[in-house]
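Have a look at the structure below, then the notes.
Values in this text are rule-based calculations from the coordinates and carry no lab data. The shown structure was predicted, so the numbers you read here are calculated from the model rather than taken from an experiment. Reconstructed Cβ throughout: ideal geometry from the backbone, glycine too, with neighbour counts over all protein chains shown.
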Amino acid sequence: MPTSWLEISEKNIVHNIKSIKFLLGKKTNFIAVVKANAYGHGIVAVSKIAEKNGVDMLAVFSLEEAEILRKNKITKPILILGYVFTDDLSRAVKLDCHVTVYDLEIIEALGLMRPDKAKIHIKVETGLNRQGIALKDLPQFLKLVKVHKNIEIVGIFSHFADSDNKELTKSQLEKFKKAIKICNNNGVYPQIKHIASTGSVLTMPESYFNAVRIGLGIYGLWPSLKTKLAVKEQSVKIELKPAMSWKTAIIQIKYAGNNNCVGYGCAEKTKRKTKIAVLPVGYWDGYGRGLSKIGEILIHGKRCKVLGRICMNMTIIDATNVPDAQIGNEAVLLGKQEQEEITAEEIAEHCGTINYEIVARINPLLPRVYL
Ligand SMILES: *Cc1c(COP(=O)(O)O)cnc(C)c1O
């Protein structure tokens with residue numbers, strides 16, 4: 001038995017993909033974002049589920065992730081969102097990956113690879129100020145790309161900085177349209193045009209163009225509370241079902257008197273006679289140290305507070321309110337147990353971060369069971 005494990009609901013992932021596909025309609029291509037080990041859900045299993053359920057393309061961050069997918073017989077087109085170093089470009093092309101490009105070094109290196117065909121998506125800067133080529137540099141860039149007959153500009157894309165911010169999003173949308181126009185004016189017609197991700201897909205149909213990149217929604221999570229409320233307000237009918245649960249089992253039960261130190265640094269003292277349960281999960285597994293003294297974990301459907309600091313491999317909790325808790329009993333770190341539920345949002349709030357980081361940082365070595 002593993003010290004802790006993830007249960008991933010295939011049914012919920014399929015439900016989320018189908019619900020989003022319904023929202024998109026038939027004409028919009030679905031690019032499933034499976035970077036970061038599919039946000040902790042398992043890159044190979046999720047990609048197989050996505051492929052089986054009508055997703056058109058997969059997006060990863062790195063060439064290494066693309067290699068894992070090809071090794072596991074994923075045949076759909078793969079877009080590498082990150083940077084492929086010039087030395088590695090031939091590997092990317094051999095795996096039939098679409099490469100994100102925004103600088104000429106990559107174009108020159110790809111050009112040298114003829115007759116091998118290279119498929120690229122141009123990333124344009126519209127307001128995030130991360131990856132991307134500025135609009136003013138685009139005409140010259142296109143001219144130089146067109147010199148290389150083996151390079152095919154398959155796509156053009158950009159990324160929103162904050163889809164809850166309507167002003168900024170609108171200005172990014174306008175810049176993106178302008179970029180497409182610049183392409184067309186230079187005789188370049190990328191087939192796949194995409195800027196929207198989960199947040200904008202849920203709230204802004206005008207951002208779809210003919211493809212969207214969806215990560216978080218597949219896993220049944222909302223990008224923000226603001227997005228969730230906006231969707232409700234627009235009376236868009238969509239239910240996202242979280243796909244991940246994280247479970248472990250109690251490895252010791254003991255009792256401490258009042259005013260006893262618990263854990264490293266004596267960061268917390270008992271305030272009563274306390275029933276203590278020890279769990280074999282810690283920050284190495286991805287149960288962050290930010291949860292020290294405030295996190296809650298379910299046993300027999302009851303919330304038990306973390307006592308003291310999270311350790312590297314263990315966590316100590318207060319099981320005083322669960323008199324029948326015993327060694328070997330299941331404890332739920334994330335997900336439902338009986339009538340209670342711990343959400344990724346709750347954990348994120350305790351850690352001062354977002355649900356994305358909570359699921360993405362769960363140790364990839366933990367076993368994932370698909371149900
Ligand atoms: C991660 C990522 C996405 C997916 O975003 P979600 O909010 O998870 O849907 C889309 N596009 C790019 C460029 C990304 O890096």
**Item:** Residue list for the stretch 253-272, restricted to those being free of Cβ contacts under 8 Å to residues at least 24 places away in the same chain and assigned to a loop (DSSP other than H, G, I, E, B)
**Value:** G257, N258, N259, N260, K271
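Residue by residue, here is whether (1) away from the ligand (no atom under 16 Å from the Cβ); (2) farther than 30 Å from I43 by Cα; (3) in a loop (DSSP other than H, G, I, E, B) holds:
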{"position": "K149", "(1), (2), (3)": "yes, yes, yes"}
{"position": "E174", "(1), (2), (3)": "yes, yes, no"}
{"position": "K177", "(1), (2), (3)": "yes, yes, no"}
{"position": "K181", "(1), (2), (3)": "yes, yes, no"}
{"position": "V188", "(1), (2), (3)": "yes, yes, yes"}
{"position": "L240", "(1), (2), (3)": "no, no, yes"}
{"position": "W246", "(1), (2), (3)": "yes, no, no"}
**Request:** Only residues in the stretch 139-163 that are more than 11 Å from V101 (Cα to Cα) count as the first member; pair them with residues that are among the acidic types (D, E) and part of a loop (DSSP other than H, G, I, E, B), Cβ under 8 angstrom, at least 6 apart or cross-chain, and list the lot.
**Result:** N150/D116; S158/E125
**Item:** Residue check for A32: assigned to a helix (DSSP H, G or I), crowded, with 17+ Cβ neighbours inside 10 Å and within 13 Å of the ligand (Cβ to nearest atom)
**Value:** no
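Residue by residue, here is whether (1) farther than 30 Å from E167 by Cα; (2) assigned to a helix (DSSP H, G or I) holds:
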residue: G82; (1), (2): no, no
residue: S90; (1), (2): yes, yes
residue: L110; (1), (2): yes, yes
residue: R114; (1), (2): yes, no
residue: H121; (1), (2): no, no
residue: N129; (1), (2): no, no
**Message:** Take L240 and tell me if it is within 30 Å of P280 (Cα to Cα) and crowded, with 20+ Cβ neighbours inside 10 Å.
**Reply:** no
**Message:** So, V281, is that one among the β-branched types (V, I, T), more than 23 Å from Y264 (Cα to Cα) and either touching a strand residue (DSSP E or B) at 6+ places or on another chain (Cβ under 7 Å) or assigned to a strand (DSSP E or B) (or both) or not?
**Reply:** no
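Filtering the stretch 207-238 down to residues that are more than 9 Å from the ligand (Cβ to nearest atom), on the phi < 0 side of the Ramachandran plot and in a loop (DSSP other than H, G, I, E, B), which residue is farthest from the chain's Cα centre (by Cα)? Can you show your working first?
From the stretch 207-238, those more than 9 Å from the ligand (Cβ to nearest atom) are 207-211, 220, 222, 224-238; that's our starting set.
Filter again for on the phi < 0 side of the Ramachandran plot, leaving 207-208, 210-211, 222, 224-234, 236-238.
Right, trim to in a loop (DSSP other than H, G, I, E, B) and you get 208, 210, 222, 224, 234, 236-238.
On the way: Y208: 19, N210: 22, W222: 11, S224: 13, Q234: 25, V236: 23, K237: 23, I238: 19 Å.
Applying the filter and picking the extreme gives Q234.
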**Request:** Only residues in the stretch 200-224 that are closer than 19 Å to N165 by Cα count as the first member; pair them with residues that are among the aromatic types (F, W, Y), Cβ under 7 angstrom, at least 6 apart or cross-chain, and list the lot.
**Result:** S200/F160; V212/F30; I214/F30; L216/Y39; L216/Y356
